[in-house]
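One structure below.
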Amino acid sequence: MPTGLNVIGPRVRRLRDAAGYTQEQLVARLHRAGWDISRVALGMLESGRRGVQDYEVLVLARVLRVATDELFAKGTKIPVRKLRNPGGPKERRTNVNPSVQASGPKDLV
């Protein structure tokens, strides 16, 4: 399973190489598409040391002329963080009579 801040970086590098672009050339094309990214940031993205926003995935796919799913290597397992409370927040119930006014912070619990 890929480690780092993104799962598409190595695939972006392979697609860039296959298209015959240097990092500088790809950065220039990304700039023309409206994404202000540096060559250093692209290198960090490719090596997994930089996260990728959803709109950046769209721009990369458009500039590299591939479908967005092609940026994800076949069989890529996307890491999913376990939630502390997978059922969502539970409704807090109190036994306080609504007609009784709270006299302080401890009564609000």
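What follows is calculated from the coordinates using simple rules that are stated; it is not laboratory data. All values reported here derive from a predicted model rather than from experimental measurement. For neighbour counting, all protein chains shown are included, and Cβ atoms are generated from backbone atoms with ideal geometry for every residue, glycine included.
Mind listing the long-range amide H neighbours of Ser47? Cut-off is under 5 Å, sequence gap 5 or more, other chains count too, H placed in the peptide plane at 1.01 Å from N.
none
Sort the following peptides by mean Cβ neighbour count (other Cβ atoms within 10 Å, averaged over residues), highest first: 46-52, 59-65. Show your work: numbers first, answer last.
On the way: 46-52: 16.0, 59-65: 17.9.
So the peptides 46-52, 59-65, ranked by packing, come out 59-65, 46-52.
Given the peptides 66-73, 9-16, arrange them by the average over their residues of other C-beta atoms within 10 Å, most packed first.
Top to bottom by mean Cβ count within 10 Å: 9-16, 66-73.
With the crude spin-label approximation of a point 7 Å out along Cα→Cβ, what separation in nm comes out for Leu58 versus Gln25?
Going from the Leu58 label point to the Gln25 one covers 2.7 nm.
I want the local charge near Ala61. Using Cβ-Cβ distances under 12 Å, sum +1 for each Lys or Arg and -1 for each Asp or Glu among the other residues.
Details: positive: Arg11, Arg62, Arg65; negative: Asp54, Glu56, Asp69, Glu70.
So the environment of Ala61 carries a net charge of -1.
Which ³J(HN,Hα) values, rounded to whole Hz and listed in residue order, are derived for region 26-37 from phi using the Karplus coefficients 6.51, -1.76 and 1.60 in 6.51 cos²θ - 1.76 cosθ + 1.60 with θ = phi - 60°, glycine and proline given as x?
Using θ = phi - 60°, the values come out as 5, 4, 4, 5, 5, 4, 5, 7, x, 10, 8, 10 Hz.
Give me the net charge for the shell around Thr22: Cβ to Cβ below 10 angstrom, other residues only, Lys and Arg +1, Asp and Glu -1. Please report the intermediate quantities before stating the final value.
On the way: positive: Arg16, Arg39; negative: Asp17, Glu24.
With Lys, Arg at +1 and Asp, Glu at -1, the neighbours total 0.
Can you tally the net charge around Arg11? Count Lys and Arg as +1, Asp and Glu as -1, for every other residue whose Cβ sits under 10 Å from the Cβ of Arg11. Before the final figure, lay out the partial values.
Working: positive: Arg13, Arg14, Arg16, Lys74; negative: Glu46, Glu70.
Local charge sum for Arg11: +2.
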